[in-house]
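*Asks:* Quick one: structure below, then a few questions.
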Amino acid sequence: MDVRYAGSAPVERAASAPATAIGVRTALQSAKTLKKKPQKVNVDINIKGIIVTDAETENNVLAVSIYSISYCSADVANSRVFAVVEGAKGNDENDSHIVHVFVCSQRKQARALALSLAHAFNDAYQLWQANQAGSMNSNAKRTAPWVRFQEESDEEIDEEDWRSPAPLVTFA
């Protein structure tokens, strides 16, 4: 695929189509002001995230964990644009999210990238669910909330005085 990395821009909200569209517009305008063609890249999407490498040198350009991606889209206004919103690592609330903008040679490619990322999210979530179910079934040094400890006995629990406080409000 002929994909070019147009750059990134801050985004106000994590999962908002209008905010993402503004960020995409900003990144594309920044790329145009440089008067240089955006960098041609390879985009690898899997359940771990997105890895972007330079098409010529194979050097890493960008790596985004699937856990830090909050939104992706094939942009409506620019049909050949694929955008990914990433949560920023810093604590500055004004720039809490960043949109990464990719320009594809065809609209179908942008949609295919968005669908690939959606499938990767789904696969990662299913893997997470399977891991959670596996950890719930194993008895690896976990105590369930209903387990009684050795110092308690049924007799002691039954003998305890459980007086409830007077109610604050009584309905008649």
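The values are calculated or read from the model by the stated rules, or taken from the named source; none is laboratory data. Since we're looking at a predicted model, the values are computed, not measured. Please note that ligands, DNA and RNA were not included when accessible areas were found on the heavy atoms of the full protein model with its side chains. Shrake-Rupley method; radii C 1.70, N 1.55, O 1.52, S 1.80 Å.
*Asks:* Do you know the Lys pair count in region 20-121 for C-alpha distances under 30 Å, with sequence separation 8 or more or different chains?
*Replies:* Pairs that pass both the separation and distance tests number 15.
*Asks:* Per residue, how much accessible surface does region 18-69 expose to a 1.4 Å probe? Answer in Å², no decimals.
*Replies:* 65 Å²
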